[in-house]
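The values are calculated or read from the model by the stated rules, or taken from the named source; none is laboratory data. All figures in this text were calculated on a predicted structure; none of them were measured in a lab. Cβ atoms come from the backbone with ideal geometry, glycine included; neighbour counts cover every protein chain shown.
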């Protein structure tokens with residue numbers, strides 16, 4: 001009897017570890033991605049996010065503690081190198097590319113170029129000096145009518161628009177991809193991940209229906225944005241983005257481009273111009289000063305000004321819709 005008791009105690013100590021699989025330690029790049037992963041993980045775990053509050057995803061420096069978190073992670077979920085080149089360098093540095101999931105590279109993801117397919121979208125108009133820099137880029141080689149990601153595998157293509165979460169169809173696809181990846185790492189909880197992904201997809205579909213109704217009255221009303229991050233939003237909801245101060249992620253607003261936009265304001269019926277949360281609104285204010293164009297609220301494409309967590313994606317999409325429609329409707 002005495003020999004059985006220690007053995008029983010040992011088994012009780014070991015059993016909890018055997019019964020409960022380790023939930024993967026997940027690191028994400030931006031709050032939008034953390035939100036999608038958090039919805040899939042549910043109560044099983046909480047993914048961390050690298051991008052700090054009120055930070056710009058394109059220009060960010062990892063803290064030493066974050067580099068350590070990357071090193072120790074089981075999975076890194078990110079949009080891809082086109083959005084966060086600093087994370088690509090970090091993953092390469094620690095040899096962690098094989099345990100990362102680039103959402104923009106997932107089969108079936110709707111992708112677009114900054115040049116866009118919408119004749120109303122002039123957000124990729126480049127300054128004259130940039131046209132010279134890219135004169136050897138043959139746009140005829142790209143079939144802009146084909147949104148299949150397989151048509152352009154180069155994730156560092158300077159013309160590729162990485163802000164794909166603004167298309168809810170992509171977000172819905174991605175939560176399924178995230179669930180599959182988590183299930184590979186943690187098969188014991190595969191059913192929970194699948195159920196959570198299905199619930200997230202239903203939530204995204206309901207949000208999409210709601211936003212389509214909200215955007216409908218302002219679909220043909222032209223507006224300007226600070227940053228060319230809203231092409232997917234415009235494509236999906238039929239919005240008219242007439243231009244952007246910053247034509248692409250890698251391009252700062254230039255004088256020639258500002259003059260071009262000002263001429264467009266003088267000749268087109270642009271209703272509103274929207275600054276951006278991570279950038280000085282003065283440039284947008286100067287652009288529309290003395291014109292009928294109304295200065296709208298600040299947009300926040302990555303959601304870094306919102307409370308982080310599972311609810312952030314829906315909150316971001318809703319706040320973006322409210323900000324845009326409030327201004328455009330006031331100009332009708």
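Values for this structure:
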read-out	value
Residue list for segment 280-297, filter: assigned to a loop (DSSP other than H, G, I, E, B), without any contact (Cβ under 8 Å) to a residue 60 or more places away in the chain and either on the phi > 0 side of the Ramachandran plot or in contact with a strand residue (DSSP E or B) (Cβ under 6 Å, 6 or more places away or on another chain) (or both)	290
Selected residue (criterion: surrounded by the fewest Cβ atoms within 10 Å (Cβ to Cβ)) from residues of segment 105-128 that are more than 15 Å from residue 234 (Cβ to Cβ), touching a helix residue (DSSP H, G or I) at 6+ places or on another chain (Cβ under 6 Å) and modelled with pLDDT of 90 or more	108
Unmet criterion (only one of (1) assigned to a helix (DSSP H, G or I); (2) in contact with a helix residue (DSSP H, G or I) (Cβ under 6 Å, 6 or more places away or on another chain); (3) surrounded by 18 or more Cβ atoms within 10 Å (Cβ to Cβ)) for residue 101	(1)
From 150, 140, 199, residue being in the same structural domain as residue 34 (by TED's automatic domain parsing) and either at pLDDT 55 or above or not in a loop (DSSP other than H, G, I, E, B) (or both)	199
Residue match in segment 28-38 (condition: part of a loop (DSSP other than H, G, I, E, B) and either over 22 Å from the mean Cα position of the chain (by Cα) or at pLDDT below 70 (or both))	no
Of the criteria (1) modelled with pLDDT of 85 or more; (2) closer than 13 Å to residue 308 by Cβ; (3) crowded, with 16+ Cβ neighbours inside 10 Å, which one residue 55 fails	(1)
Hits in segment 74-92 - residues which are farther than 25 Å from residue 301 by Cβ and touching a residue at least 12 places away in the same chain (Cβ under 8 Å)	74
